[in-house]
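The values are calculated or read from the model by the stated rules, or taken from the named source; none is laboratory data. Just so we're clear, the structure is a prediction, and the values are computed from it rather than from any experiment. Ideal geometry is used to build each Cβ from the backbone, glycine not excepted, and the neighbour counts take in all protein chains shown.
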Amino acid sequence: MKRTELIRLEAERERARDFSAHVTPPCTGKSVLPVSDDYDYLRRGFFKRVLSVFSVGIFRFVGLFVGRYCRFRVEGKKNLRGVGGAILTSNHVNCADCILIRRAVGRRKLKITVAEFNNRRGAFGALLRAGGTVPIGKTLPAMRHMNAAITTFLSRGEFVLFYPEGSLWWCYEKPRPLIEGAFLSAAKNGVPVIPTFFTFRTVRVRRDGTAKKAFTLHVGEPILPNSGAPLREEAKRLAEKTWEFNKSTYERVYGKELAYD
């Protein structure tokens, strides 16, 4: 889809306040590998573990070039230091933004939750799964199985990335309302939420009138959970704190109050 068409569709969905809509059609049919109820999130077996090490190495290598192309910067990287297992959140603004986030977290192990329609068949899908994607199943048993795996990842001190806005909007600057799943996971497991938010700098204007943009990832301070608080209330508080970070970062960087068309 052309960049101009993406921008038009995003503006249209913004006016309709349909902030979790998919402006690019998701994959369907035979290209998608359905998530079974017993999906192997933990990647048991020697071969799978070797492939995971290989795949993560590839994505880190690719991240060097993606980072240069996007003129990538990180602000607040110190907030990642000394943190054990945690839930990371981010606005979803590019199909490669998870590669940039992996670059920001360095050698820390990172798992990336994705919709089932991003669980592709073929070699590329296998590479993504080995590299740390955690596809979200549609059935209740599959969801429970995934949540158990996330608990294991967090107990091992790993980061688990969620995109709580729910969909990808290409280079969209404004924060969008947040879905509670990521925050329920943090509250249930008693781990902090580390909010991150992408902003952009215009490098040049292309012939089609769209801007070539440089990326900055802003990393917020960990939002610590309150032990003993009711699960839903705690998830709501974590989501509100994350929203405050996203909104304040947007307003500080762009120098204007958040307002939707």
#### Entry: Neighbours by Cβ (under 8 Å, 6+ apart or cross-chain): first from segment 13-42, loosely packed, with under 12 Cβ neighbours inside 10 Å; second assigned to a loop (DSSP other than H, G, I, E, B) and charged (D, E, K, R)
Arg15/Asp261; Lys30/Arg121
### Query
Within segment 223-240, is even one residue on the phi < 0 side of the Ramachandran plot, within 17 Å of the chain's Cα centre (by Cα) and part of a helix (DSSP H, G or I)?
yes
### Query
Of the residues Val83, Val23, Val53, which is among the aliphatic types (A, V, I, L, M), at pLDDT below 95, in a helix (DSSP H, G or I) and on the phi < 0 side of the Ramachandran plot?
Val53
### Pairs, first over 16 Å from Thr113 (Cβ atoms) in segment 174-191, second small (Gly, Ala, Ser) and modelled with pLDDT under 95, C-beta under 7 Å, six or more apart
Gly190/Ser227
## Note on the structure
Conditions (1) part of a loop (DSSP other than H, G, I, E, B); (2) under 24 Å from Glu221 (Cβ atoms); (3) out of contact with any strand residue (DSSP E or B) (no Cβ under 8 Å at 6 or more places or on another chain); (4) not β-branched (Val, Ile, Thr) -> Gly67 fails only (1)
### Task
Might you check whether a residue that is on the phi < 0 side of the Ramachandran plot and over 15 Å from the mean Cα position of the chain (by Cα) occurs anywhere in segment 96-115?
yes
### Task
May I ask you to list the residues in segment 1-10 that are at pLDDT 90 or above and surrounded by 14 or more Cβ atoms within 10 Å (Cβ to Cβ)?
Leu6, Ile7, Leu9, Glu10
### Task
Quick one: in segment 122-164, of everything that is among the charged types (D, E, K, R) and in contact with a strand residue (DSSP E or B) (Cβ under 9 Å, 6 or more places away or on another chain), which residue is farthest from Ala86 (Cα to Cα)?
Arg129
### Matching residues, segment 224-261, being surrounded by 13 or more Cβ atoms within 10 Å (Cβ to Cβ), among the aliphatic types (A, V, I, L, M) and within 21 Å of Lys174 (Cα to Cα)
Leu238, Ala239, Val253, Leu258
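Residues to consider are Phe197, Phe183; find the one that is touching a helix residue (DSSP H, G or I) at 6+ places or on another chain (Cβ under 6 Å), assigned to a strand (DSSP E or B) and closer than 27 Å to Thr133 by Cβ. Explain how you work it out, then say what you get.
On the way: Phe183 fails: assigned to a strand (DSSP E or B).
Residue meeting the stated conditions: Phe197.
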